[in-house]
There are 2 protein chains.
Amino acid sequence: MSGASDGRAAVLLLSGGLDSYTAGAIARDEGYELHALTVRYGQVHAREIAASRDVAQDLKVVRHIELDVNLAAFGGSALLGEGAIPKARELDASDVPATYVPARNTIFLSLALGWAEVVRAQALVIGVNALDYSGYPDCRPEYLAAFETLAALATKAGVEGHPCRILAPLLHMSKSEIIRHGITRGLRYELTHSCYDPDPSGRPCGACDSCRLRARGFEEAGLDDPVFRAWPRP
Amino acid sequence: MSGASDGRAAVLLLSGGLDSYTAGAIARDEGYELHALTVRYGQVHAREIAASRDVAQDLKVVRHIELDVNLAAFGGSALLGEGAIPKARELDASDVPATYVPARNTIFLSLALGWAEVVRAQALVIGVNALDYSGYPDCRPEYLAAFETLAALATKAGVEGHPCRILAPLLHMSKSEIIRHGITRGLRYELTHSCYDPDPSGRPCGACDSCRLRARGFEEAGLDDPVFRAWPRP
């Protein structure tokens with residue numbers, strides 16, 4: 001086994017967005033040494049990969065791996081270039097949106113589990129949220145519980161009595177609560193990227209679900225979104 | 001959704017070895033239209049990828065996707081180039097061997113689940129075997145049951161009442177039973193590759209676990225392994 005760590009270690013699924021950054025900061029502040037995994041899965045908003053590097057640096061992760069897993073080979077999602085990114089959609093609708101990527105969180109957690117076993121990490125950290133993403137099956141508490149059960153059976157570490165926990169500290173928070181948690185911890189949200197459909201310069205569209213959830217979160221928190229220091233507000 | 005099929009469809013995890021070929025043939029004979037997924041995960045025995053193409057063609061799969069997922073970035077296995085491939089190891093030992101790849105089946109099943117949702121497949125087919133691979137945590141029946149539970153919660157299809165089943169038809173078979181099943185169905189085992197440590201020409205080493213399990217299977221079945229028509233027996 002290479003890269004094993006002696007203290008408490010966790011593998012963080014890091015997208016470059018606001019949620020995974022905040023989840024990582026919470027795990028870090030609980031004493032976990034972070035190994036950050038970013039997946040280039042064929043997302044149309046590849047701008048978030050660059051953001052993940054800045055965020056990983058800010059979180060002082062032990063190591064950041066960017067892994068290519070081209071889910072566009074399967075297709076099945078607007079985030080993989082099939083059809084348009086929905087704009088001005090009802091934010092609190094409970095249907096599964098076109099931006100759902102089949103089995104994405106299961107694939108990401110499985111990859112994190114593999115790396116976790118190699119570095120003997122005790123936890124996987126994921127920034128999923130059951131409130132804003134109620135339409136995504138793989139953002140629900142019962143889904144995460146089932147993955148934790150699976151993880152205990154799936155690995156040598158689990159069989160030997162050291163199963164991997166799943167930490168999803170944002171699961172029941174609203175976006176404004178997440179943002180307040182981050183601001184309290186000194187997070188620099190200007191480093192993050194949330195938009196599904198940025199222009200070539202990386203400027204957020206302001207109309208996709210992700211932009212609007214973020215805008216609503218900052219508004220409810222009574223704060224200005226620092227990402228707009230770089231661009232005029234759309 | 002692209003590539004949706006109307007009949008019964010399944011995603012087959014296809015390695016190029018004997019087991020996944022036989023599992024695929026059994027599912028095909030049960031009426032499933034096969035979508036074959038082969039993962040280039042950084043395995044030192046990349047020869048099996050070429051074999052998977054021949055096997056996919058023989059099985060008349062609807063589509064064969066070869067996906068790159070470089071698990072060597074995480075390390076942690078002799079199959080990923082860390083340390084030597086064990087030779088002349090006690091075959092029925094119950095410890096986890098150095099060829100175990102952390103979370104490999106979980107990663108593979110997750111990827112298959114993603115593709116299955118896109119093509120509306122009702123099943124994932126995997127050639128795992130609990131007898132010969134008793135040291136691998138992710139080849140046990142309780143592991144597969146936990147993955148099936150997870151799959152029903154993880155996807156839009158599952159939430160909508162169309163969960164994906166896992167078919168593991170070889171789970172409780174001995175290697176010789178697997179081989180007899182395949183021969184009865186006319187499978188051409190000369191197309192397959194099992195060795196973890198082939199020479200540059202692709203010739204099996206004869207001493208790794210995989211070679212010896214295969215040899216024992218053919219011996220117990222009272223058959224000659226047709227793969228040795230291409231090479232002198234080691």
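Since every read-out is calculated from the coordinates, none of them should be taken as a lab result. In this text the structure is predicted, and so the values were computed from the model without any measurement. Reconstructed Cβ throughout: ideal geometry from the backbone, glycine too, with neighbour counts over all protein chains shown.
Which residue, B:LYS87, B:LYS156, B:LYS60, has the most motion in a Gaussian network model of chain B that connects Cα atoms within less than 10 Å?
Looking only at B:LYS87, B:LYS156, B:LYS60, the biggest GNM fluctuation is shown by B:LYS156.
Suppose we keep just the DSSP beta bridges with both residues in chain A; what percent of those would be antiparallel, to 5?
Antiparallel bridges make up about 5 percent of those DSSP assigns within chain A.
Taking amide H atoms as placed 1.01 Å from N in the peptide plane, list the residues 5 or more away in sequence, or in a different chain, whose amide H sits under 5 Å from that of A:ARG40.
Placed amide hydrogens put A:LEU67, A:ASP68, A:VAL69 under 5 Å from A:ARG40.
Would you calculate the volume per residue, in Å³, of the smallest convex hull containing every Cα atom of the protein assembly as shown?
133 Å³
Mind putting a number on the dipole of the stretch A:1-96 about its Cα centre? Charges go on the C-beta only, +1 for Lys and Arg and -1 for Asp and Glu, and I need it in Debye to the nearest 20.
Its charge dipole is roughly 260 debye.
Quote to one decimal, in nm, the extra length available between B:ILE183 and B:ALA145 on full extension: 0.36 nm per residue of separation minus the C-alpha distance between them.
Between B:ILE183 and B:ALA145, full extension yields 10.8 nm more.
Quickly estimate the mean residue ellipticity at 222 nm for chain B, helices only: each DSSP H run with n ≥ 4 gives -39500 (n - 2.57), and the total goes over all residues, rounded to 500.
My calculation for chain B gives -10500 deg cm²/dmol from helical runs alone.
Nearest 10 degrees is fine. How inclined is helix A:47-58 to the longest principal axis of chain A, computing both from alpha carbons?
Helix A:47-58 sits at roughly 60 degrees to that axis.
Which residue, chosen from B:GLN57, B:PHE218, B:PHE108, occupies the Cα position most advanced towards the positive end of the dipole of the stretch B:9-227, where the dipole is computed from +1 (Lys, Arg) and -1 (Asp, Glu) charges on Cβ about the Cα centre?
Ranked along the dipole, the leading option is B:GLN57.
Relative to the other copies, what are the label-point distances for A:PRO141, with labels 7 Å from Cα along the C-beta vector, expressed in nm at one decimal and sorted shortest first?
Spacings between copies for this position, smallest first, are 3.3 nm.
Helix B:175-184 sits at what angle to the longest principal axis of chain B, using alpha carbons and giving 0 to 90 degrees rounded to 10?
Long axis of B:175-184 versus the principal axis of chain B: about 70 degrees.
What is the Cα radius of gyration of chain A over 2.2 N^0.38 Å, N being its residue count?
Normalised Rg, Cα atoms only: 0.97.
Once the label point is set 7 Å along the Cα-to-beta-carbon vector, what list of distances in nm do you get between B:ASP92 and its counterparts in the other copies?
Counterpart label points of B:ASP92 in the remaining copies fall at 6.3 nm.
Which of B:ASP58, B:ASP209, B:ASP95 moves the most in a Gaussian network model of chain B with Cα springs under 10 Å?
Per the Cα network of chain B with a 10 Å cutoff, B:ASP95 tops the list.
Rank B:ASP54, B:ASP132, B:ASP224 by mean-square fluctuation in a GNM of chain B with C-alpha springs under 10 angstrom and give only the top-ranked residue.
It is B:ASP224.
In debye, nearest 20, what is the charge dipole magnitude of the protein assembly as shown about its Cα centre with +1 on Lys and Arg Cβ and -1 on Asp and Glu Cβ, if you could check?
Dipole size: approximately 540 debye.
Of all beta bridges DSSP finds with both residues in the protein assembly as shown, what is the antiparallel percent, to the nearest 5?
Around 5 percent of the beta bridges assigned by DSSP in the protein assembly as shown are antiparallel ones.
For chain A, take the longest principal axis of its alpha carbons; what is the angle in degrees between that and the long axis of helix A:104-118, to the nearest 10 within 0 to 90?
Helix A:104-118 sits roughly 40 degrees off the main axis of chain A.
Can you list the distances in nanometres, one decimal and ascending, from the A:GLU160 label point to the identical position in each other copy, with the point 7 Å along Cα to Cβ?
4.3
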